[in-house]
């Protein structure tokens, strides 16, 4: 075999082929069950999503604590029995409590699906929230919270959310140490009753799906009576802080954490695909402009990135980095310089080709396997969208032109609208 290759491999364009369809099956009680048939192994991923995120809570930490306590005992099983059962059947369970939703994701072998669904039904609808376990959990979470509050990156990130969305909005509300002691079992029970027992459930299943799969979900989740819960809150107005610049003193900190961002559009907006491309050029991958400038050329930081995120009531964009405190001012200058360049100077063809290839490759990874398909489906489904979003994004990646990028940068990266947060030592 001749290992010295003289002819380079053919370069082929990355093409997003047909995305597998998702089947919608409604259980007898109206719960939507989304089925994604994919994969060759006898594995299944089931995600149970409730409209029970931070946006729904009347008291800080109630949504996340309710979710964290689901495995701490139910009417028919102790916490030890629940955890031993998941271990015995080789299943993995992940709990999540986010700004808009909460729930669990479970991975299991198909041959144990029925037992796993029984356990999921038990922990989702019949938890008992034992007070001793709640106290132990809150003590651990408080210690973690106090440790994280010593880190400049957490101080800056929390303050950015408060500044962007306003301290009275659930997206921006900061957690205080006293909040951990104010969470009671009664508050958890009330939240669970309103948003789990009588809430809004959706189920997304991916993997090898058999004829009996629907019947199993029907048996364990189609019989549950979701009585009418409390009315949904109307959209809460987002009133960002009037102060665009904040400095948080952290004595003796060696680094300064920088967060620059603002509220923006979410995936429902037609400009969102273009904004993702703009963000990738600015700081969304390892070869981005911010990385080349501030890490590679200046050596101010190990890493810097920008990102655009979607929430149900809004979206937000953020530029994040930690630098040596003596370089904080210079780093800010360079960040704003890169934004202004995107607003005034067309992106060159070579850089555009690199970004197109990178983003197209990342899109292929989003649909690589049944579990990735489920995550990608949820990422658009929760905004009332479907796979057309991804086809539009793929088309925008191929066709976007430099003048459109300049227009997007002027529209969505107006420097006067950005919040600037620095946490570190004066």
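The values are calculated or read from the model by the stated rules, or taken from the named source; none is laboratory data. Predicted model, so just to flag it, every value in this text is computed and none were measured. For neighbour counting, all protein chains shown are included, and Cβ atoms are generated from backbone atoms with ideal geometry for every residue, glycine included.
Across segment 347-359, a minimum of one residue is classified as closer than 18 Å to residue 267 by Cα and out of contact with any strand residue (DSSP E or B) (no Cβ under 9 Å at 6 or more places or on another chain). Screening residue 362 with (1) under 30 Å from residue 48 (Cα atoms); (2) crowded, with 18+ Cβ neighbours inside 10 Å; (3) out of contact with any helix residue (DSSP H, G or I) (no Cβ under 6 Å at 6 or more places or on another chain) gives one miss only, at (2). Does any residue of segment 165-179 turn out to be assigned to a helix (DSSP H, G or I), surrounded by fewer than 16 Cβ atoms within 10 Å (Cβ to Cβ) and touching a helix residue (DSSP H, G or I) at 6+ places or on another chain (Cβ under 7 Å)? There is at least one residue in segment 165-179 that is assigned to a helix (DSSP H, G or I), surrounded by fewer than 16 Cβ atoms within 10 Å (Cβ to Cβ) and touching a helix residue (DSSP H, G or I) at 6+ places or on another chain (Cβ under 7 Å).
For residue 196, state whether it is part of a helix (DSSP H, G or I) and under 24 Å from residue 57 (Cβ atoms). Criteria met by residue 196. The residues listed here are 140, 151; of these, the one that is at pLDDT 95 or above and over 30 Å from residue 266 (Cα atoms) is 140. The number of residues in segment 285-303 that are touching a residue at least 24 places away in the same chain (Cβ under 8 Å) and under 26 Å from residue 158 (Cα atoms) comes to 6.
If I ask for residues that are buried (at least 18 other Cβ atoms within 10 Å of the Cβ) and not in a loop (DSSP other than H, G, I, E, B), which ones from segment 180-192 would you list? Of everything in segment 180-192, those that are buried (at least 18 other Cβ atoms within 10 Å of the Cβ) and not in a loop (DSSP other than H, G, I, E, B) turn out to be 180, 187, 188, 191, 192. Restricting the search to helices (runs of 4 or more DSSP H) fully inside segment 367-426 and requiring at least 2 residues that are within 18 Å of residue 280 (Cα to Cα) gives 388-399, 402-412.
Criterion first (modelled with pLDDT under 95, in contact with a helix residue (DSSP H, G or I) (Cβ under 6 Å, 6 or more places away or on another chain) and assigned by TED's automatic domain parsing to the domain that holds residue 196) does residue 131 satisfy it?
Details: modelled with pLDDT under 95: no; in contact with a helix residue (DSSP H, G or I) (Cβ under 6 Å, 6 or more places away or on another chain): yes; assigned by TED's automatic domain parsing to the domain that holds residue 196: yes.
Judged against the criteria, residue 131 is not a match.
A count restricted to segment 6-41 and to residues that are farther than 14 Å from residue 214 by Cα and more than 24 Å from the chain's Cα centre (by Cα) stands at 15. Residues of segment 387-405 being without any contact (Cβ under 8 Å) to a residue 60 or more places away in the chain and either within 24 Å of residue 314 (Cβ to Cβ) or buried (at least 18 other Cβ atoms within 10 Å of the Cβ) (or both), which ones? Of everything in segment 387-405, just one residue is without any contact (Cβ under 8 Å) to a residue 60 or more places away in the chain and either within 24 Å of residue 314 (Cβ to Cβ) or buried (at least 18 other Cβ atoms within 10 Å of the Cβ) (or both), namely 388.
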